[in-house]
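The values are calculated or read from the model by the stated rules, or taken from the named source; none is laboratory data. Because the structure is a prediction, the values reported are computed rather than measured. Here the Cβ is made from the backbone with ideal geometry for all residues, glycine too, and neighbour counts use every protein chain on show.
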Amino acid sequence: MLRVTAYAAPSEAAPLEKTVIERRELGPHDILIDVAFAGICHSDIHTVRGDWGPQRYPLAPGHEIAGVVSAVGDAVTRHAVGDRVGVGCLVDSCGECAPCLRGQEQFCREGAVFTYGSTDRDGSVTQGGYSQQLVVSERFAVRIPDALPLDRAAPLLCAGITTYSPLRRWNVGPGTRVAVVGMGGLGHMAVQLAHALGAEVTVLSQTLSKKDDGLRLGADRYFATSDPATFRELSGSFDVILNSVSAPIELRSYLRLLDVDGALVCVGLPPEPLSLAVGGLIGGNKSIAGSNIGGIAETQEMLDFCAEHGIAAEIEVIPASEINAAYERVLASDVRYRFVIDAATFA
């Protein structure tokens, strides 16, 4: 086994601490990645603190991973030593079921293996990217184009694909009127991507404190949802609303902002159920949908799209010693717009 330095949570109530974790030895189809940067996703915090169910500790989170291949297995054909690669939320799937075969490994019927906190094929618990090195199947590493800096590319492996996938699924493009709810780690990516796809983009945020950023990143309009006039003025204005927040929203109010046949698509995960009167859907052929991450092929498509259009995450790079402080700042919405850990500081 390969022993590497990492930052892991020893329990749901304890701060992350420096430790040593084990990686499997390189298999014939595996690659070894020297991690360069790892993004901090809100999901990391929810998971290690047990908000989404019991975990097995110690647990090293991190599924926004960018680095360089340092070794390859004997049968590897997709990557070579020195390649710039990324790993997102997935590290394995059966590869044979219908979802896997159509490029939706995240919905593997045998059970997708997620980057951390998941049961690997050998029964061990997967450990994520808050670490010096990662061993992963070559199928689940994507190429990071040279045009993307590794630090700003890392958050694309989750925040990027989480917002790109629904925009593509709902055929967002020229003539589409898109509203992005929330101007955070997910929302700031959705604004850039929807703009690059040719849509008319409106940001709906609690306040106007981030308006300048929103307009700079590609929004055409920016409204405060704390102002009741917003919902009156924008009634029937949108074809697609992408809800990126993980807090409760009043669904009825947002459905009124949709035009006929419009869709409210949720990518944030609130801690409690949302209530809805079905009449709000029937009254205009409207729909509410959820969207997960994308598969591996779509993730590569997203990275290539970002490189072509000059899109990357807005980040604050931190040393590993500041991870716990960064967690508190994320919970206080005190980041614009993604913390990224410099993996050189794990040593």
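Only one of the numbered conditions (1) over 16 Å from Thr299 (Cα atoms); (2) part of a loop (DSSP other than H, G, I, E, B); (3) small (Gly, Ala, Ser) is violated by Gly103, and that is (1).
Filtering the range 246-259 to residues that are in a helix (DSSP H, G or I) and of a type outside the set (A, V, I, L, M) leaves Arg252, Ser253, Tyr254. Reported count of residues in the range 270-320, each being assigned to a helix (DSSP H, G or I) and either within 27 Å of Leu157 (Cα to Cα) or outside the structural domain of Asn243 (by TED's automatic domain parsing) (or both), is 15.
Residue count for the range 215-245, restricted to those that are part of a loop (DSSP other than H, G, I, E, B), closer than 27 Å to Asn292 by Cα and of a type in the set (D, E, K, R): 1.
Taken residue by residue, the range 79-97 has at least one member that is touching a strand residue (DSSP E or B) at 6+ places or on another chain (Cβ under 8 Å), surrounded by fewer than 16 Cβ atoms within 10 Å (Cβ to Cβ) and at positive phi. In this entry, Gln127 passes the filter for residues that are in the same structural domain as Arg24 (by TED's automatic domain parsing), touching a residue at least 40 places away in the same chain (Cβ under 8 Å), buried (at least 24 other Cβ atoms within 10 Å of the Cβ) and in a loop (DSSP other than H, G, I, E, B). Suppose the filter is part of a loop (DSSP other than H, G, I, E, B), surrounded by 17 or more Cβ atoms within 10 Å (Cβ to Cβ) and hydrophobic (A, V, I, L, M, F, W, C); does Ile323 pass it? No, not satisfied. Evaluated against (1) over 16 Å from Asn292 (Cα atoms); (2) aromatic (Phe, Trp, Tyr); (3) under 18 Å from the mean Cα position of the chain (by Cα), Phe114 falls short on exactly one condition, (1).
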